[in-house]
Amino acid sequence: MNVWILGIHMTKFGKHPDKDLVDLAAEAALGALGDGGVSIKDVQVIAAGNVTGGPAGIGQRLQKQIGQTGVPVYNVTNACATGATALRTAIMAIKAGEADLALAFGVEKLSGVGLLGVTGTARADGEPWTPAGRYGNVAPMDGWVGTETMPGVFAQIGMQYLHEHAYEGVPLELFARISEKNHAHSTLNPLAAYTRRLSLEQIMNDVMVAYPNTRPMCSANCDGASAAVLVSETALKKLSPEQRRRAVKVSASVLTSDPWQEACQVLPDVSTLTRQAAATAYEAAGVDPGDLDLVELHDCFATAELIHYDNLMLCEPGGAVDLFESGATWRDGRLPVNVSGGLQSKGHPIGATGVANVWEVCQHLRDEGGDRQIDGARVGLAHVIGLGSACGVHILERAA
């Protein structure tokens, strides 16, 4: 059974001191319902994504704001893949025949949290670290056997990729140029948290967070929400021609976690589960990377974008640097990546990101991308990864 995105919406990402989680979620949900030409009374299941809001179900809290209808509500948390997980939950409910129309959303309040947050505990000088108990459940690893802070983890992963493929250039400049691309793209996205173009020199000379990632090369913690209305193909056929024209087909919806492997567990492996998700999605959709017209991938750091070129098979194995150097991933290139400005500019309200990446792809497939429109876009891919680990990949296609 095919599932289609009928309506989709995202709020402006950034600082919203006058709005709480429910306000933001309601804005996104009502926007998606309005975009799809339906109302809350038409929704038969809700999937709600949020990471930091506490134990109270954000899905039910949204219902109290926009209309309680007694439908099942699934509250999901899956690190940075939370929004994609909510989307997939709604898709599975429709495929299972339990609903014809579903609402999925993600929301987060993160402005003011800072880049590093609260990490680790103070270690006693001179006290040796000895492993005991289940990893991560006895004591934080940070400061004992490396780092668990995300800037440090992804800095290491990026540098490891360059080392494995014998890169001879300057890592700082390479990754700064990737960030330069995304900040340039953001100037055309009015919903991005930051819309100012930055020069290569500004990016390279900004505060160093974890070499080679300076501050502009890191995703921006912010507030925001995004939501999508999904519909079965059977129900879509009963809707108006305009609703059918704007609907976007979900050709593949894939969620993976880490496979078993005999390997060091200190440095997270963000590549294997992404490659598995991508391979599964391409097969399910009946497309290959060469068919893609645009990609929104999880550039939580500039280093992450580079390795995900390879993980999503946008290039030959080991060819991520060559792909970027060719200019292909710029908006006017052969395979535009992160036309929205990416997480480095658009912002990264964790629970909302997975749906927001899908929103961006939908804009282009509907030919509603405005000044940043990728002309003739028919197939797009949205990708997110959450350490823990989870990877979501959605392949979307324009209505015939």
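Some values worked out for this structure:
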item	result
For Ser251, distant residues with modelled amide H under 5 Å away	Ile395, Leu396, Glu397
Positive-end residue of Ala281, Ala235, Ser257, charge dipole of the chain with Cβ unit charges	Ala235
Whether the stretch 275-365 is rounded, prolate or oblate, judged on the alpha carbon gyration tensor where a/c under 1.5 counts as rounded	rounded
Per-residue ³J(HN,Hα) for the stretch 74-89, Karplus 6.51 cos²θ - 1.76 cosθ + 1.60, θ = phi - 60°, Hz, x for Gly and Pro	10, 9, 10, 9, 8, 6, 5, 8, 4, x, 5, 5, 4, 4, 5, 4
Karplus-derived HN-Hα couplings along the stretch 224-238 (A = 6.51, B = -1.76, C = 1.60, θ = phi - 60°), whole Hz, x at Gly and Pro	x, 8, 8, 8, 9, 9, 10, 9, 6, 5, 4, 5, 4, 5, 8
Only Lys, Arg (+1) and Asp, Glu (-1) charged, at Cβ; the chain dipole about Cα centre in debye	1340 debye
Order of exposure, largest accessible area first, which applies to Tyr282, Tyr74 with probe 1.4 Å	Tyr74, Tyr282
Residue-averaged [θ]222 nm for the chain, counting only DSSP H segments that reach four residues, each worth -39500 (n - 2.57)	-10000 deg cm²/dmol
Reachable lysines, given that their alpha-carbon falls under 19 Å from the alpha-carbon of Lys19 and they are not under 8 places away in the same chain	Lys64, Lys109, Lys346
Distance between the stretch 257-328 and the stretch 1-40 - C-alpha centres, whole angstrom	29 Å
The chain: relative contact order as a whole-number percent, Cα under 8 Å and 6+ apart	26 percent
Point-to-point label distance, Lys237-Trp260, nm (Cα→Cβ direction, 7 Å offset)	4.5 nm
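The values are calculated or read from the model by the stated rules, or taken from the named source; none is laboratory data. None of the values given here were measured: they were computed from a predicted structure. So basically every Cβ, Gly included, is an ideal-geometry build from the backbone, and we count neighbours across all protein chains shown. Calculation scope for accessible area: heavy atoms of the full protein, side chains included, ligands and nucleic acids excluded. Shrake-Rupley method; radii C 1.70, N 1.55, O 1.52, S 1.80 Å.
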